[in-house]
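Visitor: The structure's right below; bear with me while I get my questions together.
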Amino acid sequence: MKEQVLFVDDDGLILQAMKRAFRQDVDLAVLTASNAREAMQIIRETEIPVIVSDQDMPGMSGIEFLEWAKRARPDSIRILLTGFADFGVAINSINRCEVYRFIAKPWNTKELRATVREALQKYRVIACLKSGHESKLLSLVRTIELKDPYTRGHSERVAEYSIQLADAMGLSPEEKSNLRFGGFIHDIGKIGISETILNKREALTTEEREIIKQHSRWSGEVAEMAGLHPGIVNVALYHHERFDGKGYPGGLAGNEIPVLARIASIADVYDAMALDRPYRKGMDHAALLEYLKSERHQAFDPEIADLFIAEMKKRRKGKVILARPKGRESRNVVRKTAAGQW
């Protein structure tokens with residue numbers, strides 16, 4: 001069944017251009033409406049995954065229409081098309097109708113197509129999260145990780161490391177379930193980040209670093225939109241907070257950071273720094289543990305860091321041998337134990 005995208009604009013030439021932009025996408029059905037009233041009727045009759053609306057329309061502005069669409073179809077992903085850059089419009093649309101992206105006129109067709117595709121992917125993720133269909137979710141997570149092939153399998157490994165640590169800490173089954181699911185989706189916000197930035201070989205600009213930082217907030221938003229347990233939301237939203245308060249997005253410090261996020265944070269860093277990147281080689285196991293030790297009190301909760309280091313040392317002494325994934329050929333961590341299980 002084709003996924004539907006609705007474009008709303010009072011300019012018929014623009015609607016025709018939108019149809020042309022997606023005419024080769026056989027999996028998409030492009031719907032159009034020349035005003036908000038016509039679009040509202042379409043939305044009442046069917047679920048529309050992605051809605052793209054012009055801002056400057058007679059009768060009802062794009063913000064007013066998307067605010068209505070948010071109430072009528074809260075799961076739909078909303079995009080605002082505007083012919084001018086206006087900070088007030090941007091803030092208003094974020095606060096009132098939670099737009100996913102802005103598209104400026106005149107638009108770049110390649111960027112327009114990419115934005116709509118990313119919005120559709122976000123819609124699918126939220127649908128999977130709401131349905132509780134784990135295999136479909138993992139399939140989508142792996143698809144998102146293909147935007148950055150160096151991190152293939154990263155989310156699943158973060159979930160695995162986190163559960164090992166949770167077992168050592170004696171957390172409850174519910175906490176471990178939330179931690180595991182949070183590990184799966186902690187980087188889901190990368191849906192909205194360009195592959196050009198994710199795979200850049202040179203140093204990122206200040207602006208690009210700020211875009212990268214948005215992924216944790218976007219991950220948390222997806223988890224909230226899906227109505228997931230607060231523990232899962234916390235992992236997605238706060239896994240880049242630092243124990244010294246210098247992390248993001250909230251600048252939380254110490255025990256202000258939810259414990260599940262403190263656990264996922266150290267698992268995330270351990271696996272990420274083991275991977276080869278375009279701009280650096282991955283660290284070996286010994287160097288990783290030294291780094292984690294040096295960042296006690298700064299990046300990590302010292303008690304959790306000490307326990308993680310102790311667990312990893314124990315496993316390296318015979319219980320578990322971890323083979324570090326390499327570059328574009330990276331796969332899930334190779335796990336070997338005497339019993340043949342994790």
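The values are calculated or read from the model by the stated rules, or taken from the named source; none is laboratory data. Since the structure is predicted, the reported quantities are computational estimates derived from the model, not experimental observations. For neighbour counting, all protein chains shown are included, and Cβ atoms are generated from backbone atoms with ideal geometry for every residue, glycine included. Ligands, DNA and RNA are stripped out before the accessible areas are found, and what is left, the full protein with its side chains, is counted by its heavy atoms. Shrake-Rupley method; radii C 1.70, N 1.55, O 1.52, S 1.80 Å.
Visitor: Scan segment 140-154 and tell me whether some residue there is open to solvent by 40 Å² or more (accessible area, probe 1.4 Å) and not in a loop (DSSP other than H, G, I, E, B).
Guide: Yes, segment 140-154 contains a residue that is open to solvent by 40 Å² or more (accessible area, probe 1.4 Å) and not in a loop (DSSP other than H, G, I, E, B).
Visitor: Related question: A69 versus (1) within 24 Å of E221 (Cβ to Cβ); (2) more than 27 Å from the chain's Cα centre (by Cα); (3) among the small types (G, A, S): which is the lone unmet condition?
Guide: (2)
Visitor: Looking at (1) among the polar types (S, T, N, Q); (2) more than 18 Å from V269 (Cα to Cα); (3) crowded, with 19+ Cβ neighbours inside 10 Å, which is the one condition that is false for S219?
Guide: Result: S219 passes all but (2).
Visitor: Counting only residues that are at pLDDT 85 or above, over 24 Å from P249 (Cα atoms) and not small (G, A, S), how many does segment 166-208 have?
Guide: 5
Visitor: If you take the residues in segment 255-303 that are of a type in the set (G, A, S) and surrounded by 13 or more Cβ atoms within 10 Å (Cβ to Cβ), which one is farthest from L237 (Cα to Cα)?
Guide: Keep residues of segment 255-303 that are of a type in the set (G, A, S), which gives 261, 264-265, 267, 272, 274, 282, 286-287, 294, 299.
Filter once more, so that each one left must be surrounded by 13 or more Cβ atoms within 10 Å (Cβ to Cβ): 261, 264-265, 267, 272, 274, 282, 299.
Values: A261: 8, A264: 11, S265: 11, A267: 15, A272: 17, A274: 23, G282: 25, A299: 16 Å.
Once the filter is applied, the top-ranked residue is G282.
Visitor: Right, another one. Please list, ordered by first then second residue, the pairs with beta carbon atoms under 9 Å, 6 or more apart or interchain, first in segment 256-271 and under 18 Å from H215 (Cβ atoms) and part of a helix (DSSP H, G or I), second basic (K, R) and open to solvent by 10 Å² or more (accessible area, probe 1.4 Å).
Guide: These pairs meet every condition: S265/R242.
Visitor: Pick from segment 1-44 the residues that are charged (D, E, K, R) and open to solvent by less than 20 Å² (accessible area, probe 1.4 Å): which of them is nearest to G83 (Cα to Cα)?
Guide: If we take residues in segment 1-44 being charged (D, E, K, R) and open to solvent by less than 20 Å² (accessible area, probe 1.4 Å), then D9 is nearest to G83 (Cα to Cα).
Visitor: If you go through segment 98-115, how many residues are open to solvent by less than 70 Å² (accessible area, probe 1.4 Å), touching a residue at least 40 places away in the same chain (Cβ under 8 Å) and touching a helix residue (DSSP H, G or I) at 6+ places or on another chain (Cβ under 7 Å)?
Guide: Matching residues across segment 98-115 total 5.
Visitor: Here's something else I'd like to know. Considering only residues of segment 192-215 that are in a loop (DSSP other than H, G, I, E, B) and of a type in the set (K, R), which is least open to solvent (accessible area, probe 1.4 Å)?
Guide: If we take residues in segment 192-215 being in a loop (DSSP other than H, G, I, E, B) and of a type in the set (K, R), then K200 is least open to solvent (accessible area, probe 1.4 Å).
Visitor: Hey, can you tell me all the residues within segment 45-59 that are open to solvent by 50 Å² or more (accessible area, probe 1.4 Å) and either farther than 24 Å from R124 by Cβ or in contact with a Phe, Trp or Tyr (Cβ under 9 Å, 6 or more places away or on another chain) (or both)?
Guide: D56, P58, G59, listed by residue number.
Visitor: Next up: Considering L120, L81, which residue is modelled with pLDDT of 85 or more, surrounded by 18 or more Cβ atoms within 10 Å (Cβ to Cβ) and more than 22 Å from the chain's Cα centre (by Cα)? Write out each step before concluding.
Guide: Details: L120 fails: more than 22 Å from the chain's Cα centre (by Cα).
Exactly one residue qualifies, and that residue is L81.
Visitor: Looking at segment 177-191 only, could you name the residues that are crowded, with 19+ Cβ neighbours inside 10 Å and in a helix (DSSP H, G or I)?
Guide: Scanning segment 177-191 gives N178, L179, R180, F181, G182, G183, F184, I185, I188, G189, K190, I191.
Visitor: In segment 234-253, which residue that is open to solvent by 10 Å² or more (accessible area, probe 1.4 Å) and in a helix (DSSP H, G or I) is farthest from I304 (Cα to Cα)?
Guide: Applying the first criterion (open to solvent by 10 Å² or more (accessible area, probe 1.4 Å)) to segment 234-253 yields 234, 237-238, 240, 242-253.
Imposing the further condition that a residue be in a helix (DSSP H, G or I) reduces the set to 234, 237-238.
Values: N234: 17, L237: 19, Y238: 16 Å.
Applying the filter and picking the extreme gives L237.
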